[in-house]
1. Could you work out how far apart the two model spin labels at E222 and E116 are, taking each label as a point 7 Å from the Cα in the direction of the beta carbon, and quote it in nm?
2. Counting other Cβ atoms within 10 Å, which chymotrypsin sites (Phe, Trp or Tyr not before Pro) in the stretch 43-103 have at most 14 and lie in a DSSP loop?
3. Using 0.36 nm times the number of residues separating R93 and E142, minus their current alpha carbon distance, what extension gain do you get?
4. For P47, what is the net charge nearby, where nearby means another residue's Cβ is under 12 Å from its Cβ and Lys, Arg count +1, Asp, Glu -1?
5. Return the single residue from R80, R209, R199 with maximal mean-square fluctuation; model: Gaussian network over the chain, springs between Cα atoms under 10 Å.
6. To the nearest 500 deg cm²/dmol, what mean residue ellipticity at 222 nm is calculated for the chain from DSSP H runs of n ≥ 4 alone, each contributing -39,500 (n - 2.57), summed and divided by the residues?
7. What are the residues whose amide H is under 5 Å from the amide H of E119, where those residues sit 5 or more places off or on another chain and H is modelled from the backbone?
8. Ordered by packing density, taken as the mean number of other Cβ atoms within 10 Å over each peptide's residues, highest first, how do 186-192, 28-34 rank?
Amino acid sequence: MPDDAAGDTPGGAGNERRFSPQEAALLHDVLRWRRDVRHFRPDPVAPEVLNRLQAAVDLAPSVGNSRPWHFLRLRDPALRARIAAIFEAENTRAADGYDGDTRADYLALKLAGLREAPEHLAVFTDTDPAEGRGLGRQTMPEMLTYSTVTAIHTLWLAARVENLGLGWVSILDPAAVAGALDAPPHWRFTAYLCLGYPRFSDDTPLLHRTGWQQNTRASWSEV
Ligand SMILES: Cc1cc2nc3c(=O)[nH]c(=O)nc-3n(C[C@H](O)[C@H](O)[C@H](O)COP(=O)(O)O)c2cc1C
């Protein structure tokens with residue numbers, strides 16, 4: 001048994017995997033080229049690729065290892081059309097929150113690839129998951145949703161290295177989506193994802209390229 005397995009961490013050694021600087025640089029590249037994708041080619045995603053993505057999702061961290069996420073893959077065009085209609089209504093409502101030129105700028109943005117994306121995933125968070133035994137979420141129940149978000153980001157990166165793109169659609173009425181998909185009452189709608197091969201790749205957010213906004217604030221500080 002290696003020395004560091006003899007301490008008070010059971011099973012704590014024996015599977016060491018170290019990453020090289022080249023691998024670290026590769027991950028950085030994946031992060032930089034991830035991007036939110038709204039322009040898709042219609043090409044289908046092969047079942048074995050989808051299987052690999054499913055396996056990746058289940059590598060994500062979660063509070064108390066509860067894995068509270070449920071990914072619903074929408075196959076039914078009628079269901080997809082209902083979600084698209086909910087998006088259109090909410091997007092118009094959101095545009096109406098802006099005036100004049102800003103409203104026109106908003107309407108010029110493409111904020112979803114719902115018509116083109118070959119794969120649609122509705123993601124829910126189980127607010128009373130069978131796994132995890134309640135660990136870590138007594139004081140902050142929102143940790144369950146945060147856990148689902150880690151799974152989504154894991155999927156985002158796993159999709160990118162399959163040369164797929166993923167777009168997060170949140171301009172939706174959560175109750176309407178849950179109703180359209182007949183979700184159980186203890187499932188909280190968390191995200192709607194479009195997945196497919198992107199029409200182009202980019203290392204810069206599209207919202208920057210379109211001139212809608214820029215990021216200037218430093219996100220780390222010291223106290
Ligand atoms: C929680 C969340 C919700 C989002 N909702 C939408 C959305 O409804 N429509 C959209 O076009 N992009 C959406 N995005 C993508 C963001 O606009 C995008 O991440 C941001 O502009 C930065 O660009 P990047 O992801 O390409 O780096 C969402 C992203 C997150 C994390």
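The values are calculated or read from the model by the stated rules, or taken from the named source; none is laboratory data. Owing to the predicted nature of the structure, the values given are computational and were not obtained by experimental measurement. So basically every Cβ, Gly included, is an ideal-geometry build from the backbone, and we count neighbours across all protein chains shown. Heads up: the accessible areas ignore ligands, DNA and RNA and are worked out on the full protein's heavy atoms, side chains in. Shrake-Rupley method; radii C 1.70, N 1.55, O 1.52, S 1.80 Å.
1. Reported label-point gap for E222 and E116 is 4.5 nm.
2. On the way: sites: W69, F71, F87, Y98; in loops: Y98.
Within the stretch 43-103, the qualifying chymotrypsin sites (Phe, Trp or Tyr not before Pro) (loop, at most 14 other Cβ atoms within 10 Å) are Y98.
3. Values: separation 49, 0.36 × 49 = 17.64 nm, distance 2.71 nm.
Using 0.36 nm per residue and subtracting the Cα-Cα distance, I get 14.9 nm.
4. Details: positive: R52, R73; negative: E48, E119.
With Lys, Arg at +1 and Asp, Glu at -1, the net is 0.
5. The residue with the greatest mean-square fluctuation here is R209.
6. On the way: 7 runs with 80 residues, N = 223.
Taking each H run of at least 4 residues, the total per residue is -11000 deg cm²/dmol.
7. Residues meeting the amide H criterion: L195.
8. Working: 186-192: 20.1, 28-34: 13.3.
Top of the packing list down: 186-192, 28-34.
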